[in-house]
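The values are calculated or read from the model by the stated rules, or taken from the named source; none is laboratory data. All of these numbers come straight from a predicted model, not from anything done at the bench. Here Cβ is always computed from backbone atoms with ideal geometry, including for glycine, and neighbour counts include all displayed protein chains.
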Amino acid sequence: MADDTATPDTRAYVIHPEILTNRDRRAAGPALDEALALAAALPGLDILGGEIVRLPKPQPGGLFGTGKIDELHEKLEDMEAELVLIDGPVTPVQQRNLEKAWGVKLLDRTGLILEIFSDRARTREGVLQVEMAALSYQRTRLVRAWTHLERQRGGLGFVGGPGETQIEADRRAIDEQIVRIRKQLDKVVKTRELHRASRAKVPFPVVALVGYTNAGKSTLFNRLTGAEVMAKDMLFATLDPTMRGVTLPTGMKVILSDTVGFISDLPTQLVAAFRATLEEVLEADLILHVRDIAHADTDEQAADVAAILADLGVAEDTPQLEIWNKVDLLDATAREALTNRAARDPDILTLSAITGEGIDAAIAAVTERLDDARETAVLGLAFEDGRRRAWLHEQSIVTDEEQTDEGFRVTVNWTARQADRFAKL
C-alpha cells in the first residue's frame with residue numbers, strides 16, 4: 001500500500017542561460033543536457049523539462065530582461081513549477097528578484113552542486129568538506145543579500161534592511177563554523193596520513209582513476225576490483241575516494257583509487273574543499289584518465305579534467321593513460337575510426353567497462369607502465385639534511401630509518417620520478 005504521507009517530489013524546471021558575450025561559453029545543447037542530468041542526480045525532484053535562453057548580456061537586477069521574465073513566469077505558472085534551476089551563476093539580488101517575480105524557489109549551478117554533494121557524501125571527511133564548501137558559498141551571499149538576510153531574521157521591513165552590524169555578526173558566525181570544521185578536517189586528514197604512511201611500508205604503487213563525472217570510472221573500478229562501489233548513470237555518483245588493492249596478472253599488487261568526477265565550471269570553493277579528497281591523485285604513480293568517448297562534448301570534458309588536474313598541482317611528469325570508455329555506444333564506423341586513432345598512440349586505450357571489451361589490454365598497459373616502477377634504495381643523510389629527510393617522510397616512501405653517528409640511514413621504496421625530485425632538492 002502506498003504511503004499517503006510521503007512528500008511529493010518538488011516540480012523543477014531547468015534553464016541554461018546562453019550569454020552571447022561570454023566567449024568561453026560551452027555549446028548550449030550539451031550544456032543543457034548536463035544541467036538536466038545534474039538535476040536528475042538530486043533526489044526528490046520531478047524534472048519538468050528545460051530550455052536554453054539566449055542573452056546578449058546578463059541583467060544585473062534579474063539576469064533576464066523584463067519581457068523574458070514575464071514570458072517565463074507564464075510558463076512556470078502553467079506547469080505549476082515550484083523550483084527553478086539556473087545553470088550558471090546567479091547573484092543574491094538576481095535570485096531575490098526572480099523568486100519574487102516567479103513565485104518559486106531558485107537554485108543556481110553552485111547551489112545545485114552543493115545540494116548533490118551534500119546528498120552523496122558518505123565518509124566523515126566528505127561530509128565535513130561539503131559543510132565547509134556550503135558555508136563558504138553562504139558567506140558570499142550573506143555579505144551581499146541584505147534583504148535576504150532580513151527575511152531570514154523575520155524583519156518587518158519598517159526600518160529598511162539589517163545594518164552592517166548584523167551582516168558582520170552573521171559573517172562572524174559563519175567564520176567560526178568554518179574554523180571549527182577546519183579543525184575537525186585536520187584531524188581526519190592526519191588519520192588519513194597515518195593510513196598512507198602504513199601503506200607505504202607495504203609499498204604498492206597507486207593507480208588513480210580520474211575523469212569527467214559520469215565517464216564510467218566507478219564501473220571500470222568495479223570491473224577491475226570486483227568491488228561494489230555505487231556506479232549509477234548519474235552525475236557525481238561517487239564523492240568519496242574508494243581505495244582497493246588489486247593484484248595484476250604478473251603478481252604485482254597495486255592500490256586502485258576511484259575519485260569524485262570532475263565537471264566544468266566547478267565552483268572554486270568546491271575545488272578547494274575537495275582537494276584533500278583527491279590526495280591520492282596527487283601521489284599517484286599512474287593516472288588513468290577515463291573518458292566517455294561517446295559523449296558529444298568528450299573533447300571539452302577532457303580539457304576540463306586536464307585544467308582541474310593542473311589546478312590541483314598534479315605533476316606534469318606523472319604518467320597518464322587515457323581510457324576511451326563506452327565504445328559499445330558508438331556505431332561501427334565511429335568505433336573503427338576511434339580504434340584506429342587510439343592504435344597510433346600507446347597512451348590511449350579503448351574499452352567498454354560495461355561489456356568488458358578491452359579490459360585485458362588496459363590491465364596489460366597498466367602493468368607495463370608500473371613494471372619496476374618502484375625500487376628500494378638506502379640513503380645516508382647528515383643531521384643537517386633535515387629538509388630532505390622531511391621530504392622523504394612527506395612522500396610516505398620511508399620503509400625503515402635508523403640513526404647513525406653521522407645522521408640517518410634511511411631505506412626508501414620510490415619511483416624513478418621521486419628519486420629524480422630528491423636529487424634536485
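Taken together, the residues in the range 35-56 that are in contact with a Gly (Cβ under 9 Å, 6 or more places away or on another chain) and either in a strand (DSSP E or B) or not assigned by TED's automatic domain parsing to the domain that holds LEU107 (or both) amount to 2. Among the residues of the range 16-34, is there at least one that is more than 21 Å from ARG120 (Cα to Cα), free of Cβ contacts under 8 Å to residues at least 12 places away in the same chain and more than 21 Å from the chain's Cα centre (by Cα)? Yes, some residue in the range 16-34 is more than 21 Å from ARG120 (Cα to Cα), free of Cβ contacts under 8 Å to residues at least 12 places away in the same chain and more than 21 Å from the chain's Cα centre (by Cα). Take the residues of the range 373-387 that are surrounded by 15 or more Cβ atoms within 10 Å (Cβ to Cβ) and touching a helix residue (DSSP H, G or I) at 6+ places or on another chain (Cβ under 8 Å): which is nearest to ASP292 (Cα to Cα)? Among them, the one singled out is ALA373.
Return the residue satisfying two criteria in turn: it lies in the range 310-328 and is in a loop (DSSP other than H, G, I, E, B) and out of contact with any strand residue (DSSP E or B) (no Cβ under 8 Å at 6 or more places or on another chain), and of such residues it is modelled with the highest pLDDT. This residue is GLY313. Anything in the range 220-252 that is at pLDDT 85 or above and either under 17 Å from the mean Cα position of the chain (by Cα) or surrounded by fewer than 16 Cβ atoms within 10 Å (Cβ to Cβ) (or both)? List them, or say none. Within the range 220-252, PHE221 is the sole residue that qualifies.
No other residue among GLU357, GLU384 is over 20 Å from THR259 (Cα atoms), part of a loop (DSSP other than H, G, I, E, B), not assigned by TED's automatic domain parsing to the domain that holds MET252 and not polar (S, T, N, Q) apart from GLU384.
Taking the criterion of being hydrophobic (A, V, I, L, M, F, W, C) and either more than 18 Å from ASP292 (Cβ to Cβ) or in contact with a strand residue (DSSP E or B) (Cβ under 8 Å, 6 or more places away or on another chain) (or both), the residues of the range 329-358 that qualify are ALA332, LEU338, ALA342, ALA343, ILE348, LEU349, LEU351, ALA353.
Residue by residue, here is whether (1) in contact with a helix residue (DSSP H, G or I) (Cβ under 8 Å, 6 or more places away or on another chain); (2) free of Cβ contacts under 8 Å to residues at least 40 places away in the same chain holds:
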position	(1), (2)
HIS289	yes, no
ILE293	yes, no
GLN301	no, no
VAL305	no, no
ILE308	yes, no
GLY313	yes, yes
PRO319	yes, no
TRP324	yes, yes
LEU329	no, yes
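Regarding ALA377, is this residue closer than 24 Å to PRO205 by Cα and not in a strand (DSSP E or B)? No, not satisfied. Report yes if LEU370 is buried (at least 19 other Cβ atoms within 10 Å of the Cβ) and within 25 Å of ARG421 (Cα to Cα), otherwise no. Here the answer is yes, as LEU370 does meet what is asked. If you go through the range 334-356 and keep only what is of a type outside the set (A, V, I, L, M) and surrounded by fewer than 14 Cβ atoms within 10 Å (Cβ to Cβ), you end up with GLU336, ASN340, ARG341, ARG344, ASP345, PRO346, ASP347, THR355, GLY356. Only one of the numbered conditions (1) assigned to a helix (DSSP H, G or I); (2) closer than 22 Å to HIS289 by Cβ; (3) of a type in the set (Gly, Ala, Ser) is violated by ALA423, and that is (2). The number of residues in the range 402-417 that are under 40 Å from the mean Cα position of the chain (by Cα) and buried (at least 18 other Cβ atoms within 10 Å of the Cβ) comes to 5.
Selection of first residues in the range 397-425 that are free of Cβ contacts under 8 Å to residues at least 12 places away in the same chain and of second residues that are β-branched (Val, Ile, Thr) and assigned to a strand (DSSP E or B), restricted to Cβ pairs under 8 Å at least 6 apart or on distinct chains, gives the following pairs, ordered by first then second residue: ASP400/VAL410; ASP400/THR411; GLU401/VAL410; GLU401/THR411.
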